[in-house]
Amino acid sequence: MCEIYSGAAPALFELKTRSVRLGGVVTSIRLEAIFWQLLEDIAAEAGLSLGECLSRIHQEACCKEGRVSNFASLLRVACTTYLNRGERLSLRGASFAAENASVSSQ
């Protein structure tokens, strides 16, 4: 067995729901506790409240992509980027590269 999970505290992956205001609209976001902790760290490093940080991430994504279809997933990816010291991650495989190229050319 790869032993990745065996030492993880159950509290880390316990789902937590929080209400946040994005663009003047109150919505609920459900994430694992560890992601909320990481988002609080990201916000603190930027000198922002958690709400301000989430609003900026949402606004940035809307400006770049036009809309955000799954904000919780976007936040998880933002956390992995943060943990990867700002290096953007990408998927392996030609199908993703082709799909990504068509999106960026629009």
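A short reminder: the numbers here are calculations on the coordinates, not readings from a lab. All values reported here derive from a predicted model rather than from experimental measurement. When we count neighbours, we look across all protein chains shown, and the Cβ atoms used for this are built from the backbone with ideal geometry, even at glycine.
For (1) basic (Lys, Arg); (2) closer than 12 Å to residue 35 by Cβ; (3) in a loop (DSSP other than H, G, I, E, B), each residue gets a yes or a no:
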site: 47; (1), (2), (3): no, no, yes
site: 51; (1), (2), (3): no, no, no
site: 54; (1), (2), (3): no, yes, no
site: 61; (1), (2), (3): no, no, no
site: 64; (1), (2), (3): yes, no, no
site: 67; (1), (2), (3): yes, no, yes
site: 72; (1), (2), (3): no, yes, no
site: 75; (1), (2), (3): no, yes, no
site: 80; (1), (2), (3): no, yes, no
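Of all residues in segment 19-32, those that are surrounded by 11 or more Cβ atoms within 10 Å (Cβ to Cβ) and more than 13 Å from the chain's Cα centre (by Cα) total 4.
Against the list (1) touching a His at 6+ places or on another chain (Cβ under 8 Å); (2) loosely packed, with under 13 Cβ neighbours inside 10 Å, the condition residue 7 fails is (1).
Of the residues contained in segment 81-90, none is found to be closer than 17 Å to residue 27 by Cα and exposed (fewer than 15 other Cβ atoms within 10 Å of the Cβ).
Quick check on my filter: what residues within segment 23-45 are part of a helix (DSSP H, G or I) and without any contact (Cβ under 8 Å) to a residue 12 or more places away in the chain?
Taking segment 23-45 first, the residues part of a helix (DSSP H, G or I) are 33-45.
37, 40, 43, 44, 45 - these are the residues of segment 23-45 that are part of a helix (DSSP H, G or I) and without any contact (Cβ under 8 Å) to a residue 12 or more places away in the chain.
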